[in-house]
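Colleague: Following this message is one structure expressed as structure tokens.
The values are calculated or read from the model by the stated rules, or taken from the named source; none is laboratory data. Only a predicted model underlies this, so the values are computations on that prediction, with no experimental measurement involved. Positions of Cβ are generated from backbone atoms using ideal geometry, with glycine treated the same way; all protein chains shown enter the neighbour counts.
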Ligand SMILES: Nc1ncnc2c1ncn2[C@@H]1O[C@H](COP(=O)(O)OP(=O)(O)OP(=O)(O)O)[C@@H](O)[C@H]1O
Ligand SMILES: [Mg+2]
């Protein structure tokens, strides 16, 4: 009786999750895989084969774009970590109890504006006739308008800005759980600022760092709007290739193959990253 | 000339204000090498603040702190040879026991072989030789305690500070750790400064105890001194149990004073040599339960009655083996505690009995208020 109720509640609780997983994750991806394995041999005639993947390998532009997306995403993740960590540390450990909530909220404000609007905000600031360029002209620092858009630096800056929040949130929550006495003990036992950071704070925050990095990396590699709008035609972001295959060329088979490749590639990068830093996914759950 | 080297720690006129809060107020004391010194005081009296100043986490607003004769006011916390056991121990959960203990040694650049030897040695000394590879969460409360101490002792500190380290343990373990701590202190022969608000901890373990109240030291002395010769009313009330009456000095008679309590009871006390009382002053009288003799009224006693006596009726008997007490309701309705021997025989006092309480003048204590 008791166990029946337990079983029932487990099923009821589990059902939405299972539905979500199957309907929105498993089935579409299976569809993608099946789709990507169809080769077009004549109009409306398809047969099974790896042609779409072979096309990808044979065309350097494609895999160059994928590698470029990957390395730039790693750079963005790294920058987000370097910039986000001190911010998170300040919010969690240095700011007073009252200002902490306000600061955290301040970090969340950009989320209230859509991606698109944020990207347009950057465009307003950085284009040739934009705020920054005009200001520099006005001060006389330069004598002709400068185009800040459409280069890699802008894309990276824009991406860091969009994703940094997802780095700060997990970091704040792990650092928040850290007893101040632990830091003081670090100093008391003879450590200097660097030792305490390296041996105590960072290892303690590792779960937050790992989960923040994974989320940020995945979000960056899969982002579309920011690189396209800020990087323009030559942003060469892999999602743009996928979009191109699906929408412009109407080549769904190859688009599906690309989508699957992106997923596989980012998963491998995450796995490699975990291996190289000696972390495991289980580490993303804080100790104790 | 004073021998400066004899003291591990000297504080002179140390004060600390937080805004308008005077957390520590003009505290001075010296701690001789190798002693167990406790600071005992009620919650919020500034004990932790004092300790944090010694460790270097707060700067005193005034005064000087010297360790081994050298002022440390301008020394950062990580350069002071004062180690601290935190209230919740603050062991590093991401390191195992070995790494926790080795941390401090690595910070001062000790080579690997020496670290290994020292860690093994200190683990032996705290009698936990086999836990080096354990994770912190695999240790029991008492083991964590000892690791926290070992982590400090391996660095050979001049002074070890302990901030209520037994606070998080359950009662049974606390009793055991009290003795253990004392033994560890003997073994390492290092000066321990132990902070607590539990007087039994302080009295049992310490060579010297300082009683702290509202940021000031009320009295420093050996545990038995504090118990039997308190110098202030606060100490008399805070250390040990005592009965207390408020009253006025009505007469002086050589080395005695007579005080009439607010309820009109006349009590004799010894005059205080240090701060003599004068007629008309208001004063508090303290008497400890173990000095009060409770006798059933009309019963024949061998000993002659003492000078101080109060009559009352037993309200209840608190049986606790050798520490049994009676609560007696005095003439003005106050409850007076007195130690009694409960044998289980027919002579035992029972609730409702009329009794006479008496005690020697020499054992009462009075303080001007
Ligand atoms: N950082 C601070 N800012 C302002 N006031 C403080 C600060 N730290 C302590 N105080 C105040 O100083 C006083 C003494 O505090 P402290 O922590 O030293 O007490 P304590 O004796 O250790 O008490 P407990 O036994 O409860 O630990 C308290 O009134 C406290 O509110
Ligand atoms: Mg405290």
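Colleague: So, residue B:129, is that one more than 13 Å from chain A (Cβ to nearest Cβ), part of a loop (DSSP other than H, G, I, E, B) and surrounded by 20 or more Cβ atoms within 10 Å (Cβ to Cβ) or not?
Modeller: The answer is no for residue B:129.
Colleague: Do any residues in segment A:230-244 that are free of Cβ contacts under 8 Å to residues at least 12 places away in the same chain have Cβ atoms under 9 Å from those of residues that are surrounded by fewer than 21 Cβ atoms within 10 Å (Cβ to Cβ) and part of a loop (DSSP other than H, G, I, E, B), where the two are at least six apart or on different chains, and which pairs are they?
Modeller: Correct list of pairs: A:244/A:251.
Colleague: Continuing with this model, one more query. Residue A:160 fails exactly one of the following numbered conditions: (1) buried (at least 16 other Cβ atoms within 10 Å of the Cβ); (2) within 26 Å of residue A:222 (Cα to Cα); (3) modelled with pLDDT under 90. What is the number of that condition?
Modeller: Among (1) buried (at least 16 other Cβ atoms within 10 Å of the Cβ); (2) within 26 Å of residue A:222 (Cα to Cα); (3) modelled with pLDDT under 90, the lone unmet condition for residue A:160 is (3).
Colleague: Out of segment B:49-65, which residues are crowded, with 19+ Cβ neighbours inside 10 Å and either more than 8 Å from ligand 1 (Cβ to nearest atom) or within 14 Å of chain A (Cβ to nearest Cβ) (or both)?
Modeller: Keep residues of segment B:49-65 that are crowded, with 19+ Cβ neighbours inside 10 Å, which gives B:49-56, B:60, B:65.
Matches in segment B:49-65: B:49, B:51, B:52, B:53, B:54, B:55, B:56, B:60, B:65.
Colleague: Suppose the filter is more than 16 Å from ligand 1 (Cβ to nearest atom), within 29 Å of residue B:37 (Cβ to Cβ), within 14 Å of another protein chain (Cβ to nearest Cβ) and not in a helix (DSSP H, G or I); does residue B:160 pass it?
Modeller: For residue B:160, the condition - more than 16 Å from ligand 1 (Cβ to nearest atom), within 29 Å of residue B:37 (Cβ to Cβ), within 14 Å of another protein chain (Cβ to nearest Cβ) and not in a helix (DSSP H, G or I) - is met.
Colleague: Does residue B:178 satisfy being away from chain A (no Cβ under 14 Å), more than 16 Å from ligand 2 (Cβ to nearest atom), touching a helix residue (DSSP H, G or I) at 6+ places or on another chain (Cβ under 8 Å) and modelled with pLDDT of 85 or more? Steps first, answer last, please.
Modeller: Details: away from chain A (no Cβ under 14 Å): yes; more than 16 Å from ligand 2 (Cβ to nearest atom): yes; touching a helix residue (DSSP H, G or I) at 6+ places or on another chain (Cβ under 8 Å): yes; modelled with pLDDT of 85 or more: yes.
The answer is yes for residue B:178.
Colleague: Out of (1) part of a helix (DSSP H, G or I); (2) crowded, with 17+ Cβ neighbours inside 10 Å, the odd one out for residue A:223 is which?
Modeller: Unmet for residue A:223, out of (1) part of a helix (DSSP H, G or I); (2) crowded, with 17+ Cβ neighbours inside 10 Å: (1).
Colleague: So for segment B:38-47 (the condition being within 15 Å of ligand 1 (Cβ to nearest atom) and without any contact (Cβ under 8 Å) to a residue 40 or more places away in the chain), does at least one residue qualify?
Modeller: To start, the set of residues in segment B:38-47 that are within 15 Å of ligand 1 (Cβ to nearest atom) comprises B:38-47.
If we keep only those that are without any contact (Cβ under 8 Å) to a residue 40 or more places away in the chain too, we end up with B:44.
Yes, some residue in segment B:38-47 is within 15 Å of ligand 1 (Cβ to nearest atom) and without any contact (Cβ under 8 Å) to a residue 40 or more places away in the chain.
Colleague: Mind checking whether some residue in segment B:11-31 is touching a strand residue (DSSP E or B) at 6+ places or on another chain (Cβ under 9 Å) and within 14 Å of another protein chain (Cβ to nearest Cβ)?
Modeller: Checking segment B:11-31: not a single residue is touching a strand residue (DSSP E or B) at 6+ places or on another chain (Cβ under 9 Å) and within 14 Å of another protein chain (Cβ to nearest Cβ).
Colleague: I'm told residue A:115 meets every condition in (1) in contact with a helix residue (DSSP H, G or I) (Cβ under 8 Å, 6 or more places away or on another chain); (2) in contact (Cβ under 8 Å) with a residue 24 or more places away in the chain; (3) closer than 27 Å to residue A:95 by Cβ except one. Can you identify the failing condition by its number?
Modeller: (3)
Colleague: Sticking with this one: In segment A:3-41, which residue that is assigned to a strand (DSSP E or B) and closer than 18 Å to residue A:260 by Cβ is modelled with the highest pLDDT?
Modeller: Out of the qualifying residues, it is A:38.
Colleague: Of all residues in segment B:15-44 being within 16 Å of ligand 2 (Cβ to nearest atom) and closer than 17 Å to residue B:56 by Cα, which is surrounded by the most Cβ atoms within 10 Å (Cβ to Cβ)?
Modeller: B:24
Colleague: Right, residue B:142: more than 16 Å from ligand 2 (Cβ to nearest atom) and either in contact with a helix residue (DSSP H, G or I) (Cβ under 9 Å, 6 or more places away or on another chain) or not in a strand (DSSP E or B) (or both) or not? Steps first, please.
Modeller: Working: more than 16 Å from ligand 2 (Cβ to nearest atom): yes; either in contact with a helix residue (DSSP H, G or I) (Cβ under 9 Å, 6 or more places away or on another chain) or not in a strand (DSSP E or B) (or both): yes.
Here the answer is yes, as residue B:142 does meet what is asked.
Colleague: Residues that are surrounded by 13 or more Cβ atoms within 10 Å (Cβ to Cβ), at pLDDT below 90, part of a loop (DSSP other than H, G, I, E, B) and touching a helix residue (DSSP H, G or I) at 6+ places or on another chain (Cβ under 9 Å): does segment B:245-263 have at least one?
Modeller: The answer is no, given that none of the residues of segment B:245-263 is surrounded by 13 or more Cβ atoms within 10 Å (Cβ to Cβ), at pLDDT below 90, part of a loop (DSSP other than H, G, I, E, B) and touching a helix residue (DSSP H, G or I) at 6+ places or on another chain (Cβ under 9 Å).
Colleague: For residues that are within 16 Å of ligand 1 (Cβ to nearest atom) and in a strand (DSSP E or B), tally how many sit in segment B:66-87.
Modeller: Adding up the residues that qualify gives 3.
Colleague: Which residue, of B:215, B:167, is crowded, with 20+ Cβ neighbours inside 10 Å and within 16 Å of ligand 2 (Cβ to nearest atom)?
Modeller: B:215
Colleague: For segment A:176-220, enumerate the residues that are crowded, with 21+ Cβ neighbours inside 10 Å, out of contact with any helix residue (DSSP H, G or I) (no Cβ under 6 Å at 6 or more places or on another chain) and either more than 17 Å from residue B:86 (Cα to Cα) or more than 10 Å from chain B (Cβ to nearest Cβ) (or both).
Modeller: A:204, A:209
Colleague: Is it true that residue B:34 is away from chain A (no Cβ under 14 Å), in a loop (DSSP other than H, G, I, E, B) and under 20 Å from residue B:185 (Cα atoms)?
Modeller: For residue B:34, the condition - away from chain A (no Cβ under 14 Å), in a loop (DSSP other than H, G, I, E, B) and under 20 Å from residue B:185 (Cα atoms) - is met.
Residues are listed down the side, and each one gets a yes or a no for (1) under 27 Å from residue B:49 (Cβ atoms); (2) part of a helix (DSSP H, G or I); (3) within 16 Å of ligand 1 (Cβ to nearest atom):
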| position | (1), (2), (3) |
| --- | --- |
| B:148 | yes, yes, no |
| B:156 | yes, no, no |
| B:180 | no, yes, no |
| B:194 | yes, no, yes |
